[in-house]
Amino acid sequence: MTTVCVAGGTGQVGREVVRLALDAGLDVTVLSRRPPSGTSPAHHDGARYFQADVTTGAGLAEALHGADVVIDCLEGQFGKALKNFADGGARLLAAASGAGVRKAVVLSIINCDQSNAAFYVSKADKERVYANSALETVVVRATQFHSLLTAVFQAAAKIRLIPVFKGARFQTISPLDVASELLAEAMGEPSAERHRTRTIGGPDIRTVRELAEIWLKATGRSGRIVEVPLPGAMGKYLRNGLNLVPSQRTGTDTFESWLAKREDSL
């Protein structure tokens, strides 16, 4: 039986990878700085959870022992985690190599190497670490998640003003669709190309106004839609369409269908 180790297996994508891997009959281990309790929504019966920290290396050897592949869904959005994001990837890969892991798959962001935003820069730095690994690696770049726009709309709805970014379109994708692709890459046959990168996107390309209107209708919320400029690195990235991949509409879960299944978005 193949053993899959999911790094960051308690996050929104990682927990979906764990669930899909268990459903496929795989042996699943999860490494996390804070393993969930048995009653947590992030916990899946059948998976084995290990406390480990890629910023220090503590617990990695134990979590990776016996693993055939590792799927890296870790995030580092703030503070120490962001600063050490790429270094953490290097520690994870070194530990994986030492444990005899044959392949590593990592989640990244579409065109992260073409943005100066700190979070995107950290993703690009980590991609380079994977490209220099002794292991076979696959970088899966995804477009932004449905939940990103939902979070913006939810926060703004409290003051009944829904901001829509001028000149921006999104091709949002569901975490489940991303998880499915990550697992498929992990379970794929060995490749002659040692380090590969592929990009996946959601099924639809829409303006932020269109997405806001869909969210308002689905949730029954009220609020005035206001067009606002988005300055800085992210504004430039979005206006240039670097968050879009029209030729790769990999996901099947639309923004509407995803909302219909998410009570916490209502």
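What number comes out for the charge environment of Asp113, summing +1 per Lys or Arg and -1 per Asp or Glu over other residues with Cβ under 15 Å away?
+4
Pairing the Cα long axis of helix 208-219 with the longest principal axis of the chain, what angle in degrees results, from 0 to 90 and rounded to the nearest 10?
90
For Lys166, what accessible surface area do you get with a 1.4 Å probe? Give it in Å², rounded to 10.
120
Rg and Dmax of the stretch 88-140, using alpha carbons, in Å: what are they?
That works out to 11.4, 36 Å for Rg and Dmax.
What order, most packed first, do the peptides 55-61, 83-89 have when packing is the mean number of other Cβ atoms within 10 Å of each residue?
83-89, 55-61
Tally Lys/Arg at +1 and Asp/Glu at -1 over every other residue whose Cβ is under 14 Å from the Cβ of Arg160; what's the total? Please list the in-between numbers first.
Values: positive: Lys158, Arg221, Arg224; negative: none.
That works out to +3.
In degrees from 0 to 90, rounded to the nearest 10, what is the angle of the helix 14-23 Cα long axis to the longest principal axis of the chain?
Computed tilt is about 60 degrees.
Magnitude of the Cβ-charge dipole of the stretch 72-230, K/R +1 and D/E -1, about the Cα centre, nearest 20 debye? Mind dumping the intermediate values first?
Details: 21 positive and 16 negative charges, 121 e Å.
Dipole magnitude for the stretch 72-230 comes out near 580 debye.
Using Cα pairs closer than 8 Å and at least 6 residues apart in sequence, work out the relative contact order for the stretch 36-100, in percent. Walk me through the numbers on the way to the answer.
Numbers: 56 pairs, mean separation 21.5, N = 65.
This gives 33 percent for the stretch 36-100.
State the volume of the convex hull built on the alpha-carbon positions of the chain, expressed per residue in Å³ and rounded to an integer.
Working: hull volume 34.1 nm³, N = 266.
About 128 Å³ per residue, rounded to a whole number.
Using mean Cβ contacts within 10 Å as the protection proxy, how do 63-71, 34-42, 201-209, 6-14 order, highest first? It would help to have the intermediate numbers written out before the result.
On the way: 63-71: 23.0, 34-42: 12.0, 201-209: 20.2, 6-14: 25.0.
Most protected by this proxy first, the peptides run 6-14, 63-71, 201-209, 34-42.
So how far apart, in nm, are the two label points at Arg249 and Thr55 if each is 7 Å from Cα heading toward Cβ?
4.1
Mind giving me the FRET efficiency for Arg128 and Arg221? R0 is 45 Å, r the Cβ-Cβ distance, nearest 0.05 is fine. Spell out each step's value before the answer.
Numbers: r = 42 Å, r/R0 = 0.93.
Approximately 0.60, to the nearest 0.05.
The values are calculated or read from the model by the stated rules, or taken from the named source; none is laboratory data. Note that the coordinates shown come from a computational prediction; the quantities given were computed from them, not determined experimentally. Reconstructed Cβ throughout: ideal geometry from the backbone, glycine too, with neighbour counts over all protein chains shown. Only protein heavy atoms, including side chains, enter the accessible area calculation; ligands, DNA and RNA are left aside. Shrake-Rupley method; radii C 1.70, N 1.55, O 1.52, S 1.80 Å.
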